[in-house]
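Bear in mind these aren't lab numbers, they're just calculated from the coordinates by the rules spelled out. Not measured: the values here are computed from a predicted model. Here the Cβ positions follow ideal geometry from the backbone for every residue, glycine too, while neighbour counts run over all protein chains shown.
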Amino acid sequence: MPLKVLGKARDLYMRSITGCAARTHYSSAGAVSVPFPRSRSTSSAFSSTTSSRRMSSDFTFDDDYSELVRAASVRSLGHKNEIDMIRHQQLQQRQENLMKRFTKLRNSMENSRNNNGEILVSVKVLSETVAVSGPVTPAQGLEEVMGTLKVENQQSPTNYQFHRKEKWVRLEGMFSLPSLPERVVFYVEGPSPGINLLIQSVTIHLESEPEIVPQSGKAFAAATERTQNWNGIQQEITGKIERKRVHCKTRSGYSVKRKFLLNSSASRVVIYIQGPPRGTDILLNSLTVKHAEKIPLSPRPPLENPAFGVNILTNSQLTDGTTNGWFPLGNCTLSVAEGSPRILPPMARDSLGPHEPLSGRYMLVTNRTQTWMALGIDSQWVNGGQVEIKDDKWHEIGGSFRVEKQPSKALVYIQGPSSGVDLMVAGLQIFPVDRLARIKHLRRQTDKIRRSDVILKFSGADASKLSGATVKVRQTRNSFPVGTCISRSSIDNEDFVDFFLKNFNWAVFGNELKWYWTEPEQGKLNYQDADDMLNLCSSNNIETRGHCIFWEVQATVQQWIQKMNQNDLNTAVQNRLTGLLNRYKGKFKHYDVNNEMLHGSFYQDKLGKDIRVNMFKTAHQLDPSATLFVNDYHIEDGCDPKSCPEKYIEHILDLQEKGAPVGGIGIQGHIDSPIGPIVCSALDRLGILGLPIWFTELDVSSINDHIRGDDLEVMMWEAFGHPAVEGIMLWGFWELFMSRDNSHLVNAEGDVNEAGKRLLAVKKDWLSHANGHIDQNGAFAFRGYHGNYAVEVITSSSQKVLKTFVVEKGDSAQVITVDLQGL
């Protein structure tokens, strides 16, 4: 879909919102009840005129608030509502005096609040009587009025809470504050412009402390006078749970169940409740632990005769010169003009193949007064692709989405540039994609880049024995790296380790090599977990990636590091590099040097732009054998303008030009809706750098195992079928050891689900087999994937010999000699 913008725009980006994916994600909530503070009641004061649409007030604690509220009420009604002028002036003077008192009380409240700590405050609007007057639309006869609480804290987003009524009403509502904020403003707002807002009175007070009673039963447990965050309630359950069986715990009042697995034998097992800040009481009504029920298998969703490759949009080409089928969203004007490209852009061409040219007409969107505009599925939005535009040229935008159930309503949106910037849209198409046809295409691709012609020349035996002998060739291992993320706790589970060693030839550690794990407190080093995991891998010929030396996103950086001055931080960075790379020199094949540099800048902000280059240079000096990678997310799906392929290329070239020895490109690959041509287009663009590309954290998420399997299969083939990709790392496979919900391939008790079966089937497809006979020249020819093989030769006298060989990467035919001496 070509796009163009006109007007003054800087660093703007476009986004196409095209449909809905219905997903279910699990969430948890802490079972903590915090006692209400014993505080005074509150009062509210605010002022406005009838021409305003919003009236606001800071409020504070005070026992005597009625006079202030009455004065505010009369002032808000004002002259236009026929309040006696003299009485109004008297009350206005009265209010000014009260406002002075209000300011004093507010200062008092600030001092009190600073000593209160984090508490839960419930504020109830007891009496808020409002009405509207003016030209109310006769057809509707209703105007909406809202009471809004605006909560402000430094270094956190502003939070709004609402309650609303219509017509002349007495509003009642309640607001809950999880802590006392720095500033609270109460608004009354809502009618249309030109409609007067009438407020008779407003009363706000702090609810009295309720009596705390058990939610069920006659009693509850309470942990009070807690002096540490980890202080809480515990119970020993040794001997009551079974090793390697999944159990779930359910807390009273919360429907969310949390699963856990005991991987190793333990002499003592204790379950405990902890968490809220010290000084906060924990109240526990009940906690149950039992064996978790198995989730039934998901059925495959029906596919109802999709017209693959057929555009579902009406008037996509604007052939009749009108905007029929399209409508504006918000204030903007739509018109049709000519002069857009007629040829299909690259992503569309890859998706649709041979296709009619575009019409050359485009939709011009002008007079835009908001950042979004025009062109939605069951009120949910799915990102269908983004592009950043800094010029007045045409740009292609492409993306993908998935609908897992039949929607009741589906619209497509195009949104993006700042208000006042005109938008031009041409050739927008939405069409179903044939996954199986794509995989067939990728199979043909892989035959060209992952297979070679092989001639086995047999020697060392009498020619009469060899001629006509039966040959059975079996590939035992594909040389293409397919690895997975593992954790220290997971390798205590023998079933996990068994599946890992059978099905993967590379590994990466989820957290155990990250700086916040190896040095959570300054000077307190923990390399034991990484050592244990590395020993498991090396003893089983599993190659490993080092993830990661640094992580550029500030939220992942330890507090003790964040508090350092520049000199101390420089020293800490150097110590991290020296300590880690000297300890493991030659043991990790790859390192992700500074994770997610497109999405974070902690070290760069603190130490300057050169720090990133210096990290690469120092790492290479300390361990020249390791390939050094950049690593980031949303590179392949077109959904994030911060990390589009062009931005990634620019980032890599900038590092290289300054001397950083960047040796590999990491694409994390946390996938939601993989569509082949979108992924392939990103890989093609990155491939021009000539560096090996790895999917470093691949996972796919869907509550339906069949859909999860479909997505994983597509992504495996996309990576395997692209010549620039040299490896795939899954971000885990075992339930309870995954970072994303609904992305596991094996459940916690070792049952392989549909997605896991699809992985095994794909890996089986990547093994070559051949049967036949030795020809008169003592040779046997076949075509196979690169990797390790076993060949069995059976003579006419039933003599057998088994040999092994390796097919190396290469384009030309390989001649491999097999010595059959002794046959």
Estimated vicinal HN-Hα couplings, Hz - region 582-588 in sequence order (Karplus 6.51, -1.76, 1.60; Gly, Pro = x)
5, 5, 10, 4, x, 9, 9
Quotient of Cα radius of gyration and Kirkwood radius for region 725-814, i.e. Rg/Rh, equals 1.15
Calculate the FRET efficiency for Glu225 and Lys763 from the Cβ-Cβ distance with a Förster distance of 56 Å, rounded to the nearest 0.05.
0.50
Give me P(r) over region 467-615, computed from all C-alpha to C-alpha distances, binned every 10 Å, as integer percentages.
9, 36, 28, 15, 6, 3, 2, 0
Limiting things to C-alpha atoms, what are the Rg and the maximum Cα-Cα separation (Dmax) for region 548-667, in angstroms?
14.0, 40
Shape parameters for region 481-765, alpha-carbon atoms, Rg then Dmax in Å
18.4, 55
Output the Cα-based Rg and Dmax of region 448-523 in Å, rounding Rg to one decimal and Dmax to a whole number.
22.5, 74
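Around Ala781, under 12 Å between beta carbons, what's the net of Lys plus Arg minus Asp minus Glu among the other residues? Write out the running numbers ahead of the final one.
Values: positive: Lys457, Arg783; negative: Asp453, Asp775.
Neighbourhood net charge equals 0.
May I ask you to derive the FRET efficiency for Asp568 and Gln621 from their Cβ-Cβ distance with R0 = 22 Å, giving the value to the nearest 0.05? Don't skip to the answer; put the middle values down first.
Details: r = 22 Å, r/R0 = 1.02.
According to the calculation, E is roughly 0.45.
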Label zone at Arg268, where the point sits 7 Å out along the Cα-to-Cβ direction: region 280-294 residues whose backbone N lies under 17 Å
none
I want to check the label-to-label distance for Ser601 and Asp462. Put each point 7 Å from Cα in the C-beta direction and report it in nm to one decimal.
7.9 nm
Taking K and R as +1 and D and E as -1, what net charge do the other residues with C-beta under 14 Å from the C-beta of Phe480 add up to?
0
Amide H partners (placed H, <5 Å) of Glu388, local residues excluded:
Met14
Region 660-699 versus region 289-319: alpha-carbon centroid distance in Å:
26 Å
Karplus ³J(HN,Hα) for region 559-571 (6.51 cos²θ - 1.76 cosθ + 1.60, θ = phi - 60°; Hz, whole; x = Gly/Pro) runs 4, 5, 6, 4, 7, 6, 7, 4, 5, 5, 5, 4, 5
Please list, ordered by chain and number, the residues whose modelled amide H lies under 5 Å from the amide H of Val184; skip anything fewer than 5 residues away on the same chain.
Phe59
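State which entries of Lys440/Lys502; Lys440/Lys587; Lys502/Lys587; Lys440/Lys647; Lys290/Lys763; Lys457/Lys757 exceed 30 angstrom in Cα-Cα distance in the structure shown.
On the way: Lys440/Lys502 27 Å; Lys440/Lys587 38 Å; Lys502/Lys587 21 Å; Lys440/Lys647 32 Å; Lys290/Lys763 37 Å; Lys457/Lys757 37 Å.
Too far apart for the 30 Å limit: Lys440/Lys587; Lys440/Lys647; Lys290/Lys763; Lys457/Lys757.
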Put a dot 7 Å past each Cα toward the Cβ at Lys290 and Ile237; how far apart are the dots in nm?
1.2 nm
Once label points are set 7 Å from the Cα along Cα→Cβ at both Val213 and Arg477, what is their separation, rounded to one decimal in nm?
6.8 nm
If you find the alpha carbon centre of region 472-498 and of region 748-804, how far apart are they in angstrom?
19 Å
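Calculate the dipole size of region 481-765 relative to its Cα centre from +1 charges on Lys and Arg beta carbons and -1 charges on Asp and Glu beta carbons; express the result in debye to the nearest 20. Display every interim value, and only then the final one.
Working: 25 positive and 42 negative charges, 222 e Å.
That gives a dipole near 1060 debye.
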